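Peer 1: Following this message is one structure expressed as structure tokens.
Bear in mind that the values in this text are calculations on the coordinates, not laboratory data. Please read these numbers as outputs of a predicted model, since none were measured by experiment. Positions of Cβ are generated from backbone atoms using ideal geometry, with glycine treated the same way; all protein chains shown enter the neighbour counts.
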Amino acid sequence: MKIITRFAPSPTGKLHIGSARTALFNYLFTRHAGGTYLLRIEDTDKERSTAESEKNILDGLKWFGIDFDNPEKIMRQSERTSIYKKHIEKLIADGHAFISKETPVKEGGREEVIRFKNPNKKISFDDMIRGTIEFDTTELGDFVIAKSLEEPIFHLTNVVDDIEMGITHIIRGEDHISNTPRQILIWEAIGAPRAIYAHIPLILATDRSKLSKRHGAVSIVEYAEKGYLPEALMNYLAMLGWNPGIDKEVFSKEELVELFDITKVQKGGAIFNEEKLKWINKEHIKMAPRAEIIERIKAYFPPGKELPKNSELFFADLVERISIFSDVKELVGKGELNYFFEAPTYDAKSLVWKKDTPENSKVHLLAVLAKLENISESASIPETANDFSVESVKNAIWPYAEEKGKGNVLWPLRFALSGQDKSPDPFTLASILGKEESLLRIKNAISLL
Ligand code: GLU
């Protein structure tokens, strides 16, 4: 059987991470099986559907990395009225639906709607995640399927399209379980082979309530703006309620496609944990092509500033310090990266280690200066043949620091280079800044003591 699935968002808000996960489970299931994945916009609710929301959903899916097999023209239910009309007329002609005279209860209410003729029977379906679900449809009564021939409502359009599109598997949120009995009745009345359902559990907040705005960011754009990598969010959302049963947590999209098994998705709600997502993001940052990561990081740097000499090491160090790209923004905002772009200014007193004197600090810095002056630095290709490497800087200074006391020697050096209480170690700093800049900063510190 050729598998055909769809993602059918209603454009009534931003793309929520729960919906993105539904789109993702459909995607992984379909791509794993070599099936066809279709997109359909369910915009029959004219009051709540907006073009802005549709754009947010489409942009969000694109950023997230989900692609569909019907991209040429967006399929919108609002443009398919004549198709639904034909089906409603046929349902009426076949005795499965009828025009019902109503007494309007509220203002603007209809005097006439189209109701489905409920056969009042028991139905059951085998959900790929939840197993067999049984339902007595009697309690649903003769439910409304359209306000008029030209105004179908959700249950009808949803089923008609799934039938017309040849959908074989319906993977959607658990909140749709209660809709399924009505939809199965319509499905049977139209007389098409029924699709297989999979209702995926909700995403919960840490307090086990349904994840919503009051818990923080819930839309995909917000995660994009915070500086998450789409492949990391995909990795994390895939594992929210599913795991491949192996001792590994970081997966590429291709690996997820290969491993995904919808029948292994858990029934219970899955708790969203942003700390875990950050951890996964950091892992993906480490795996991503460095050039791409550098471009993302650079976007947060103050404009017009020159990068330090050993920029490769600078980025390698910076990548270790961040989990998401907005962390760079924060570091820049707090001025914690300033010393990479320009010589620091500080109070001379700060150069002295707490157990030492200014005189001694000066002696140590002079000694360090002489040792660093002796290291050669290849000027031609500094990034590949930088002899002023962390290792050579460390080798030059370490014995002296051990002899005179590490704090006494390394604190003034680190402070001379960074002007900060906290920064990378002085060997890394010196290597990042390069020989010329490091010597200049040390000389400046010496002149202050
Ligand atoms: N339009 C529905 C929603 O956005 C989806 C219905 C379905 O997947 O069957 O929740």
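Peer 1: What ranking do THR30, THR12, THR103 get, fewest neighbouring Cβ atoms within 10 angstrom at the top?
Peer 2: Working: THR30 25, THR12 15, THR103 7.
Fewest to most other Cβ atoms nearby, the residues stand as THR103, THR12, THR30.
Peer 1: Let me ask something else about it. Rank these for me by crowding, GLU47, GLU174, going from fewest to most other beta carbons within 10 Å.
Peer 2: Working: GLU47 6, GLU174 17.
The fewest-first ordering by Cβ neighbours comes to GLU47, GLU174.
Peer 1: Run the numbers for LYS46 and GLU111: contour at 0.36 nm per residue of separation, minus the present Cα-Cα distance, in nm.
Peer 2: Result for the pair: 21.4 nm of gain on full extension.
Peer 1: Cα gyration tensor of the range 299-449, axes a ≥ b ≥ c as square roots of the eigenvalues: rounded (a/c below 1.5), prolate (a/b > b/c) or oblate?
Peer 2: Oblate, since a/c reaches 1.5 and b/c is not below a/b.
Peer 1: Over the Cα atoms of the chain, how large are the radius of gyration and the largest Cα-Cα distance (Dmax), in Å?
Peer 2: Computed over the Cα atoms of the chain, radius of gyration and Dmax are 31.5, 102 Å.
Peer 1: A further question follows. Output wanted: per-residue J couplings in Hz (rounded whole) for the range 271-278, from phi through Karplus 6.51 cos²θ - 1.76 cosθ + 1.60, θ = phi - 60°, x for Gly and Pro.
Peer 2: 8, 7, 10, 5, 5, 5, 4, 4
Peer 1: Still on this structure, I have one more. Within the range 1-26, name every residue whose backbone N is under 18 Å away from a label modeled 7 Å from Cα of LYS213 along the Cβ vector.
Peer 2: The answer is 10-20.
Peer 1: At a Förster radius of 41 Å, what calculated FRET efficiency corresponds to the Cβ-Cβ distance of LEU439 and TRP279, to the nearest 0.05? Walk me through the intermediate numbers first.
Peer 2: Details: r = 39 Å, r/R0 = 0.96.
Rounded to the nearest 0.05, the efficiency is 0.55.
Peer 1: Give a residue-ordered list of calculated ³J(HN,Hα) values for the range 411-419 (Karplus: 6.51 cos²θ - 1.76 cosθ + 1.60, θ = phi - 60°; whole Hz; x for Gly, Pro).
Peer 2: Values per residue, Gly and Pro as x: 4, x, 5, 4, 5, 4, 7, 10, x Hz.
Peer 1: Continuing with this model, one more query. Counting each DSSP H run of 4 or more residues in the chain as -39500 (n - 2.57), what helix-only mean residue ellipticity at 222 nm follows after dividing by all residues, to the nearest 500 deg cm²/dmol? Working shown, then result.
Peer 2: On the way: 18 runs with 201 residues, N = 449.
Counting only the DSSP helices, I get -13500 deg cm²/dmol.
Peer 1: For ILE83, project a label point 7 Å along Cα to C-beta. Then give me every residue of the range 33-74 with its amide nitrogen under 16 Å of that point.
Peer 2: Of the residues in the range 33-74, 37-45, 69-74 have backbone N under 16 Å from the label point off ILE83.
Peer 1: Mean separation of Cα pairs under 8 Å and 6+ residues apart, divided by the residue count of the chain: what relative contact order is that in percent? Could the numbers behind the result be given before it?
Peer 2: Working: 662 pairs, mean separation 56.1, N = 449.
Computed value for the chain: 12 percent relative contact order.
Peer 1: With 31 Å as the limit, write out which pairs from LYS86/LYS106; LYS46/LYS329; LYS55/LYS210; LYS286/LYS334 have Cα-Cα distances beyond it, or answer none.
Peer 2: LYS46/LYS329
Peer 1: Would you please give the residues with an amide H less than 5 Å from that of ILE129, counting only those at least 5 places away or on a separate chain, with H modeled from the backbone geometry?
Peer 2: HIS199
Peer 1: A further question follows. Neighbour counts of other C-beta atoms within 10 Å: give me LEU237, LEU211 arranged from fewest to most. Can you show the working numbers first?
Peer 2: On the way: LEU237 27, LEU211 22.
By the 10 Å Cβ count, ascending, the order reads LEU211, LEU237.
Peer 1: Figure the gain on full extension for LYS354 and ILE177 (residue separation times 0.36 nm, minus the Cα-Cα span) and round it to one decimal in nm. Please report the intermediate quantities before stating the final value.
Peer 2: Numbers: separation 177, 0.36 × 177 = 63.72 nm, distance 6.70 nm.
So the chain would gain 57.0 nm between LYS354 and ILE177.
Peer 1: For the range 9-93, what class follows from the C-alpha gyration tensor (a ≥ b ≥ c being the square roots of its eigenvalues): rounded when a/c is under 1.5, otherwise prolate if a/b is larger than b/c, else oblate?
Peer 2: It comes out oblate by the Cα gyration axes.
Peer 1: Give the cross-link partners of LYS394 among the lysines, using a straight C-alpha distance below 24 Å as the criterion and excluding same-chain residues fewer than 8 apart.
Peer 2: Partners within reach: LYS309, LYS354, LYS355, LYS362, LYS371, LYS404, LYS406, LYS422, LYS435, LYS443.
Peer 1: Roughly speaking, what is the centre-to-centre gap between the range 242-292 and the range 115-131 when only Cα atoms are used, to the nearest Å?
Peer 2: The range 242-292 and the range 115-131 have Cα centres spaced 34 Å from each other.
Peer 1: Oh, and also: With angles folded into 0 to 90 degrees, how steeply does helix 435-448 sit against the dominant principal axis of the chain? Use alpha carbons for both and round to 10.
Peer 2: Approximately 60 degrees, to the nearest ten.
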